[in-house]
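Reading through the structure tokens given below for one structure.
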């Protein structure tokens, strides 16, 4: 049998791969997401078609044919290639959800990147990490209109600045006894919904009888991170969102009184707002 002669050996390197994680269902999400990238330019707007990422069987969104990376994409992709990788280029990646479960956002990234991107900002990723959060993910944030699975706790708020303007793209966190329960983001109207499992039932005395589940309550504290000049656009830069300074939500206005610990009751949505107001005001 004749030995085949290899005339040419072609390789293709995927310059960028992303995985998106939903903390509510504790799963990677690939269905319904549209993930696109354009070069980040210093001289004007990119006028070409955006590169589109497609999800593979592992739920990783993979980019090919990123503008300006053709030579890098046809490299060997071996250890020698990544020991001296080609020069990286800047891209803006936009993520939207056709099923309206998640809020839109954008990322400023460099490519090519070896293996799946481990999302991080200049100030670090959102901390502390949520329960069961895996490595190598980009977080997704639930839209206020999302329908949560049954048996989940729900916290809602319409958040506004002291001027009365909506606190757009603010980061919101819920804690119980200093343990983080959920992290979310307000939409363009300042509305936010946090969905999370109920905290564990803790009895003051092991000999006490457990009250009915419908009477169980848990303490919840809210943290809000919001800048006076919020991130711009309809798909805010996620690093700008998570890097905003902490703001002071108010329990009462005139004089300002800070928000106190809230009571979460099983089976009841917790709606947070400033006293005698329909929204939650920030100092």
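The values are calculated or read from the model by the stated rules, or taken from the named source; none is laboratory data. Remember, it's a predicted structure, so these values are computed and weren't measured experimentally. Counting neighbours? That spans all protein chains shown, and the Cβs are built from the backbone with ideal geometry, glycine included.
Annotations for the structure displayed:
- Of all the residues in the range 247-283, those that are without any contact (Cβ under 8 Å) to a residue 40 or more places away in the chain and either part of a loop (DSSP other than H, G, I, E, B) or closer than 14 Å to residue 186 by Cα (or both) number 12.
- Qualifying residue in the range 248-256 (condition: over 30 Å from residue 120 (Cβ atoms), surrounded by 19 or more Cβ atoms within 10 Å (Cβ to Cβ) and modelled with pLDDT of 95 or more): yes
- Residue in the range 226-246 that is in a loop (DSSP other than H, G, I, E, B), under 22 Å from the mean Cα position of the chain (by Cα) and without any contact (Cβ under 8 Å) to a residue 12 or more places away in the chain present: yes
- Residues (farther than 18 Å from residue 16 by Cβ and in contact with a strand residue (DSSP E or B) (Cβ under 6 Å, 6 or more places away or on another chain)) located in the range 99-125: 103, 104
- Test: residue in the range 68-90 that is surrounded by 14 or more Cβ atoms within 10 Å (Cβ to Cβ) and within 30 Å of residue 143 (Cβ to Cβ): no
- Count - residues of the range 161-185 that are under 19 Å from residue 241 (Cβ atoms) and in a loop (DSSP other than H, G, I, E, B): 6
- The single condition among (1) touching a helix residue (DSSP H, G or I) at 6+ places or on another chain (Cβ under 6 Å); (2) within 28 Å of residue 190 (Cα to Cα) that residue 144 does not satisfy is (1).
- Each residue in the range 118-160 was checked for being under 30 Å from residue 216 (Cα atoms) and outside any loop (DSSP other than H, G, I, E, B), and 8 of them qualify.
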